[in-house]
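Undergrad: The structure follows.
The values are calculated or read from the model by the stated rules, or taken from the named source; none is laboratory data. Predicted model only: the values in this text are computed from it and were never measured. Cβ placement follows ideal geometry from the backbone for every residue including glycine, while neighbour counts extend to all protein chains displayed. For accessibility, only protein heavy atoms count, side chains too; no ligands or nucleic acids. Shrake-Rupley method; radii C 1.70, N 1.55, O 1.52, S 1.80 Å.
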Amino acid sequence: KKSEVSEVTTKADIKPKSMHRAKIWSDDVENLYRFQQAGYRDEVEYKQVKQVDKVECWPETGFVKKLQRRDNTFYYYNRQRECEDKDVHKVKVYVY
C-alpha cells in the first residue's frame, strides 16, 4: 500500500515554477479561465486530480466543454468565449 501512496505523490509533484496574470485574451487564457472556475490551477492539475487522460473540448473552437469539480458536480461551457475582457487579468498563467 505504501508504494501506491508514493506513486500518487510523485505524480502530483508536478508544480509550476512561476505564475503571472494574463494581460490579453487568447484561446489558452480562455481554457485556463474555465479550469480555474472549476477549482483547478490548469489542465495539468485537473488530469492529476481526476485521473483522466484527456479533457472534453468543443471540436469547433478547442475550448473546454465540460469539467468535473472536486465535489463531483459538473461545469458545462459554451462553444463561444466565456472569459470577458474584464476577467482576463484574474486568470493565472502557470509556467512549468
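Undergrad: Provide a single number: the residues in the stretch 81-96 that are open to solvent by 50 Å² or more (accessible area, probe 1.4 Å) and either over 14 Å from SER26 (Cα atoms) or under 12 Å from the mean Cα position of the chain (by Cα) (or both).
TA: Residues in the stretch 81-96 being open to solvent by 50 Å² or more (accessible area, probe 1.4 Å) and either over 14 Å from SER26 (Cα atoms) or under 12 Å from the mean Cα position of the chain (by Cα) (or both): 4 in total.
Undergrad: Which of the residues belonging to the stretch 18-45 are basic (Lys, Arg) and either over 16 Å from TYR76 (Cα atoms) or assigned to a strand (DSSP E or B) (or both)?
TA: Filtering the stretch 18-45 for residues basic (Lys, Arg) gives 21, 23, 34, 41.
Passing the criteria: ARG21, LYS23, ARG41.
Undergrad: Continuing with this model, one more query. Considering the stretch 46-59 alone, what residues qualify as being assigned to a helix (DSSP H, G or I) and either of a type in the set (A, V, I, L, M) or buried (at least 17 other Cβ atoms within 10 Å of the Cβ) (or both)? Don't jump to the end; show me each part of the working.
TA: So in the stretch 46-59, the residues assigned to a helix (DSSP H, G or I) come out as 46-50.
Listed by number, the residues that qualify are TYR46, VAL49.
Undergrad: Which residue pairs have Cβ atoms closer than 8 Å, lie 6 or more positions apart in sequence or on different chains, and pair a first residue in the stretch 36-59 that is within 20 Å of VAL93 (Cα to Cα) with a second residue that is open to solvent by 70 Å² or more (accessible area, probe 1.4 Å) and among the β-branched types (Val, Ile, Thr)?
TA: Sorted first by the residue in the stretch 36-59, then by its partner, the pairs are VAL44/ILE14; GLN48/ILE14.
Undergrad: Also, quick follow-up: In the stretch 60-80, which residues are in contact with a helix residue (DSSP H, G or I) (Cβ under 7 Å, 6 or more places away or on another chain), surrounded by 15 or more Cβ atoms within 10 Å (Cβ to Cβ) and either part of a loop (DSSP other than H, G, I, E, B) or on the phi > 0 side of the Ramachandran plot (or both)?
TA: Passing the criteria: PHE63, TYR77.
Undergrad: Any residue at all in the stretch 1-17 that is surrounded by fewer than 16 Cβ atoms within 10 Å (Cβ to Cβ), more than 11 Å from the chain's Cα centre (by Cα), among the polar types (S, T, N, Q) and modelled with pLDDT of 95 or more?
TA: Step one: filter the stretch 1-17 for residues surrounded by fewer than 16 Cβ atoms within 10 Å (Cβ to Cβ), giving 1-17.
Those still in the list that are more than 11 Å from the chain's Cα centre (by Cα) too: 1-17.
Right, trim to among the polar types (S, T, N, Q) and you get 3, 6, 9-10.
Of the ones still in play, those that are also modelled with pLDDT of 95 or more are none.
Within the stretch 1-17, not a single residue is surrounded by fewer than 16 Cβ atoms within 10 Å (Cβ to Cβ), more than 11 Å from the chain's Cα centre (by Cα), among the polar types (S, T, N, Q) and modelled with pLDDT of 95 or more.
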